[in-house]
1. Looking at the range A:57-73, can you tell me whether even one residue there is of a type outside the set (A, V, I, L, M) and either more than 17 Å from B:Gln185 (Cα to Cα) or assigned to a strand (DSSP E or B) (or both)?
2. Is it the case, given these coordinates, that B:Pro45 is touching a Cys at 6+ places or on another chain (Cβ under 9 Å) and at pLDDT 95 or above?
3. Checking A:Arg207 against (1) at pLDDT below 95; (2) surrounded by 14 or more Cβ atoms within 10 Å (Cβ to Cβ); (3) not in a loop (DSSP other than H, G, I, E, B), which test does it fail?
4. Tell me which of these A:Lys105 doesn't satisfy, since it passes every other one: (1) crowded, with 20+ Cβ neighbours inside 10 Å; (2) assigned to a helix (DSSP H, G or I); (3) touching a helix residue (DSSP H, G or I) at 6+ places or on another chain (Cβ under 6 Å); (4) within 14 Å of another protein chain (Cβ to nearest Cβ).
5. Name the single residue that is farthest from the other protein chains (Cβ to nearest Cβ) among those in the range A:118-157 being over 20 Å from the mean Cα position of the chain (by Cα), buried (at least 18 other Cβ atoms within 10 Å of the Cβ) and of a type outside the set (Gly, Ala, Ser).
6. For the range B:303-318, enumerate the residues that are in a loop (DSSP other than H, G, I, E, B) and within 20 Å of B:Arg252 (Cβ to Cβ).
7. Can you name every one of the helices (runs of 4 or more DSSP H) wholly within the range B:122-230 that holds 3 or more residues which are in contact with a strand residue (DSSP E or B) (Cβ under 7 Å, 6 or more places away or on another chain)?
8. Restricting to the range B:111-149, give me the number of residues that are of a type in the set (Gly, Ala, Ser) and farther than 30 Å from B:Pro85 by Cα.
Amino acid sequence: MALSQRLFDAIVDGNAQLAKSLVEEELRAGADPMALVAETMIPAMDQVGKLFQEEEFFVPELLLSGRAMKAAMEPLRPLLAAAGAKPAGVVIAGTVKGDLHDIGKNLVISMLEGAGFKIIDLGTDVSPQKFIDAIREHQPQIICLSALLTVTMTAMKTTIDAVKEAGLRHSVKILVGGAPLSERYAMEIGADGYSETATEAVELARRLVRLEK
Amino acid sequence: MTTEFAPLLYSQLAVASADELIFGVARRPVRCGFGLEIGAGKVYPEVNFTLPTMIISDETWPEVCAHYDEIGRQVLARAAHLKAPGLVLEFELLPAMTERPEWGAEITRILKSHLANANQKWGLPCALRVTPTDIREKVKPPLMRRGEACEELFRSFELNAGAGADILSIESVGGKEVHDRALVQADIPAIAFALGVLAPRDMTWLWEQIRNICERHPGVVSGGDSACGFANTAMQLAGQKMLPEVLAAVVRAMSAARAIAAFEQGAVGPSKDCAYEGPIMKAIAGVPIAMEGKSAACAHFSPVGNIASAMCDLWSNESVQNVRLLSGNAPEAFTELLEYDCRLMNAATASGQAKALRDLLTVSDEWLSPQAAVLSPAATIEIASAIVAKTDPYDRAVAAGVAAVDILDRGRHEGHLSLGRKEAQWLERIKKELEALPSDWRELEARLEPEYGQLYDKASYGLE
């Protein structure tokens, strides 16, 4: 089996150790780091997302693949940085003020990382000001807001309004997600996108970053 | 002043067999509120409600109070209209109402005045359960025994007890910081550590504090906890096909090892509605339990709609927003729905057919989902027996998990439970991982330290 296929399979199977050693082997054989990521590793994570959507994978398998991707990226990171490669995008994620739930947010983060995004995780109970400070500091393309409670989803609007007021709305796309939300609510509060699942969030983030470019 | 209390250690069941596990009847009924006796023969509705989507702030506070006032008035009027023989209102505080304990206490006073009025006007036996939010996880890693959030939480308990709560409860989160990660990774050793070591250690400490608060407020009873943040998270993720259902079923059973800690620290019930592990508590401690199922579809879906009521003493709707429906507002509509469910159960009891109805409620769900399979009266006895055969909470959690796997495995091999290929593979995997767990939790703690050690504050669990 070709080395790249073995690397692809190692990521899909969630075998972090093997994925990392295969990347090292590829590099020794003279592989182009950027091509390795774009042509083998990201397609492997796309396959993982597909298997998840088809209900062939549960979240634990998806996370294992994410870990394998992360491990495989380790030897590549310095080479990609030296070559001037940039992440697929920079994303700030957080659960809004008043809400302590973070499982959904963490799943989205894991999927976005697997797709090559750089993530700044602000945690839970994040105030609008904290989002604003992070936007100024990290200059992301996207911010992801999460909420689980009907009485905290209103903090998403407060956050979006605060970002507008700070004069930063034009510089970021805002994605929202969480059990009580709907596409309609997302539009009503002025978000750029809503996704019901973590895998859909990746597609949405890619689309929004492409539009940005 | 607090009286001397010797913590219990359950080593046998409160019931002789599954036949004694039946709705409306608990070995140790609880009297509380305005003449209500729970678990003494009848099932009562426990009505739970929340605000519609709105901001909670100083500006909106009068509107918040008006909502709870309207809910209290309408729910009790509906209960009286339907001649309900009794009722519990549950006020589950929202985080902002726990962070500012005076807010929570104000709502408690409003609801209690409606209950007092209903009792006086219609002779309705009734009680108020108050459940502050466990806000101790606000900081990372959570500080369970000290810090601002912890102080606010206990002030909330005190103020609510003083403002009219009859039953105190909580959905405690000790160990959840580890369990959250472990669960989504289906990391059985870490799940066992969270449910068998961290959570019981926190609950043992926490429920001692709650018991002391109740002792300072005569008439207020120490209710029970819920593994909502653990097993219900698993149930919801399984419902969305994010986790295997068999994992959710095993986590449910294991969570009972944690729940029993409250009763060993003097909680008397009724346990929380969302504690689907309640029947196991009823079997071990003999306490009355609240449950929720089909009538909680307003809050979340579940595969245990009927079976959840088979052994309940209070029947709840979990939570519903105060929004207008065609019939009336949602909380009063759900009062009616719950009361009709209770009427049927109470009529079955009155006509000597309670066991027949219990069995129908059981078999209608039992083998359609692994999560229902571990909730039958027979499964309850099996899991409860495995728990009381051990004394250490970790051993109990593992034993409960093994018992759940055995129930599912047997159900599968006997042709009752149909599992898809993936679910069957997961059951095998869970079984092997449970069998491979070390007998000493300290060995597990050391093994998990590199990945999970930074997630929890060891002093919060007495582990330093």
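The values are calculated or read from the model by the stated rules, or taken from the named source; none is laboratory data. Since we're looking at a predicted model, the values are computed, not measured. Heads up, the Cβs are rebuilt from the backbone with ideal geometry, glycines too, and the neighbour counts pull from every protein chain shown.
1. Of all residues in the range A:57-73, those of a type outside the set (A, V, I, L, M) come to A:57-58, A:60-61, A:65-67, A:70.
Then keep just the ones that are either more than 17 Å from B:Gln185 (Cα to Cα) or assigned to a strand (DSSP E or B) (or both); that gives none.
There is no residue in the range A:57-73 that is of a type outside the set (A, V, I, L, M) and either more than 17 Å from B:Gln185 (Cα to Cα) or assigned to a strand (DSSP E or B) (or both).
2. When the stated conditions are applied, B:Pro45 passes them.
3. Unmet for A:Arg207, out of (1) at pLDDT below 95; (2) surrounded by 14 or more Cβ atoms within 10 Å (Cβ to Cβ); (3) not in a loop (DSSP other than H, G, I, E, B): (2).
4. Failed condition: (3).
5. A:Pro128
6. The initial filter retains those residues of the range B:303-318 that are in a loop (DSSP other than H, G, I, E, B), namely B:303-306, B:310-313, B:317-318.
Selection gives B:Pro303, B:Val304, B:Gly305, B:Asn306, B:Ala310, B:Met311, B:Cys312, B:Asp313, B:Glu318.
7. Details: elements: B:148-163, B:176-184, B:188-193, B:199-216.
Per the criteria, B:148-163, B:199-216.
8. Taking the range B:111-149 first, the residues of a type in the set (Gly, Ala, Ser) are B:113, B:116, B:118, B:123, B:127, B:147, B:149.
Okay, now just the ones that are also farther than 30 Å from B:Pro85 by Cα, so B:147, B:149.
Of the residues in that region, 2 qualify.
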